[in-house]
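Report on the structure given below.
The values are calculated or read from the model by the stated rules, or taken from the named source; none is laboratory data. Bear in mind that the values here come from a model prediction, so they are computed numbers and not experimental data. Here Cβ is always computed from backbone atoms with ideal geometry, including for glycine, and neighbour counts include all displayed protein chains. Surface accessibility is based on the protein's heavy atoms, side chains included, excluding ligands, DNA and RNA. Shrake-Rupley method; radii C 1.70, N 1.55, O 1.52, S 1.80 Å.
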Amino acid sequence: MTYKTLGPRPEIDVRGLHKSFGDNEVLRGIDLEIKQGEVVCVIGPSGSGKSTLLRCVNLLEEPSKGQVFVGGAELTDPDVDIDAVRRRIGMVFQQFNLFPHLTVTENLTLPQRRVLGRDKAAAAKVAAENLERVGLSEKASAYPASLSGGQQQRVAIARALAMGPAVMLFDEPTSALDPELVGDVLAVMRMLANEGMTMMVVTHEMTFAREVADRVVFMDGGVIVEDGTPDQVIGNPRHERTRHFLSRLL
Ligand code: ADP
Ligand code: MG
């Protein structure tokens, strides 16, 4: 149970978003608003366009049509300072993408120094704070290969947090992990949610979605089929496609 209050402004605002790859229309008109402090889980079958939607929200993919606003700035405006908007957004992928030749601390300080221009001491301080948040202070000098998958993913989360994002996007952050390692990563995400972080999470973890999400969005075939509270969408789905998807997860 969370008791946070949601901010009045949408942090993420997606309007009439379409995305095609060649003649394959993958997103077919997506409208989605996520308020400050809101946690939205996106569920749906493989190939339904969940990753493409996330990637359009930080412009890793360029929308074919429609508008995307983050923090009030329009990403799809050709004149926008895209690097400034991207600095508002932290992204965590299924694959952790840590630099193998750098220590955990160096993985956290490098992007701060390169992108934010922080000096070595300031970056190291922020790195230490965020490693503590994810419970990995004792791994500061370790190399990624010596960590478990769950620990590596928590380092990846800390690395994103060290950039001071207003929004965190997660694309199946626990899908590559052995089952016994999933819980620690979800616990970190739950902590962030309770702290009021705005989060968009693509996941198959229905317990997490039920307990942590303010809203659950079910996508199928490039459209949002259902959008509501976890109790509505997971507990009492209105659409046959949603029921069918959920029944196959059990
Ligand atoms: P999901 O994350 O829900 O599994 P995706 O967004 O990854 O779905 O993919 C949706 C569809 O878009 C799939 O048919 C996939 O093959 C296609 N697709 C995704 N990325 C690309 C790309 N870079 N080039 C061509 N097709 C892509
Ligand atoms: Mg995906």
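Could you please find all residues in the range 190-205 being part of a helix (DSSP H, G or I) and either closer than 16 Å to Thr229 by Cβ or among the polar types (S, T, N, Q) (or both)? Before you say what the answer is, go through the steps one by one.
Initial filter on the range 190-205 (part of a helix (DSSP H, G or I)): 190-194.
Hits for the range 190-205 are Ala193, Asn194.
For the range 206-214, indicate whether the set of residues that are open to solvent by 40 Å² or more (accessible area, probe 1.4 Å) and either within 17 Å of Leu32 (Cα to Cα) or part of a strand (DSSP E or B) (or both) is non-empty. So that I can check it myself, show each step before the final result.
Of the range 206-214, the ones open to solvent by 40 Å² or more (accessible area, probe 1.4 Å) are 207, 210-211, 214.
This time we only want the ones that are either within 17 Å of Leu32 (Cα to Cα) or part of a strand (DSSP E or B) (or both), so: 214.
Yes, the range 206-214 contains a residue that is open to solvent by 40 Å² or more (accessible area, probe 1.4 Å) and either within 17 Å of Leu32 (Cα to Cα) or part of a strand (DSSP E or B) (or both).
Could you tell me whether Leu108 is crowded, with 19+ Cβ neighbours inside 10 Å and in contact (Cβ under 8 Å) with a residue 24 or more places away in the chain? I'd like the intermediate steps shown before the answer.
On the way: crowded, with 19+ Cβ neighbours inside 10 Å: yes; in contact (Cβ under 8 Å) with a residue 24 or more places away in the chain: yes.
Against the criterion (crowded, with 19+ Cβ neighbours inside 10 Å and in contact (Cβ under 8 Å) with a residue 24 or more places away in the chain), Leu108 qualifies.
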> Looking at (1) touching a helix residue (DSSP H, G or I) at 6+ places or on another chain (Cβ under 7 Å); (2) modelled with pLDDT of 95 or more; (3) surrounded by 15 or more Cβ atoms within 10 Å (Cβ to Cβ); (4) under 18 Å from Leu161 (Cβ atoms), which is the one condition that is false for Leu102?
Replying inline: (3)
> Taking the range 43-60 as the region of interest, how many residues are within 13 Å of ligand 2 (Cβ to nearest atom) and at pLDDT below 95?
Replying inline: 1
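Table: residues versus (1) of a type in the set (Ser, Thr, Tyr); (2) within 16 Å of ligand 1 (Cβ to nearest atom); (3) closer than 30 Å to Lys125 by Cβ.
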| residue | (1), (2), (3) |
| --- | --- |
| Arg159 | no, no, yes |
| Ala162 | no, no, yes |
| Leu169 | no, yes, yes |
| Asp184 | no, no, yes |
| Val188 | no, no, yes |
| Ala193 | no, no, yes |
| Gly196 | no, no, yes |
| Arg210 | no, no, no |
> Can you spot a residue in the range 169-186 that is touching a residue at least 40 places away in the same chain (Cβ under 8 Å), more than 18 Å from Gln95 (Cβ to Cβ) and among the aliphatic types (A, V, I, L, M)?
Replying inline: no
> Of the residues in the range 177-189, how many are within 15 Å of the chain's Cα centre (by Cα) and not β-branched (Val, Ile, Thr)?
Replying inline: 3
> If you go through the range 51-91, how many residues are within 16 Å of ligand 1 (Cβ to nearest atom) and either within 15 Å of the chain's Cα centre (by Cα) or over 20 Å from Gln36 (Cα atoms) (or both)?
Replying inline: 17
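Restricting attention to the range 201-228, and to residues there that are within 15 Å of ligand 2 (Cβ to nearest atom) and among the aliphatic types (A, V, I, L, M), which single residue is nearest to the chain's Cα centre (by Cα)?
Let us first name the residues in the range 201-228 that are within 15 Å of ligand 2 (Cβ to nearest atom), namely 201-205, 217-222.
After this cut, where a residue has to be among the aliphatic types (A, V, I, L, M) as well, the list is 201-202, 217, 219.
Working: Val201: 5, Val202: 7, Val217: 14, Met219: 16 Å.
Restricting to residues being within 15 Å of ligand 2 (Cβ to nearest atom) and among the aliphatic types (A, V, I, L, M), the top hit is Val201.
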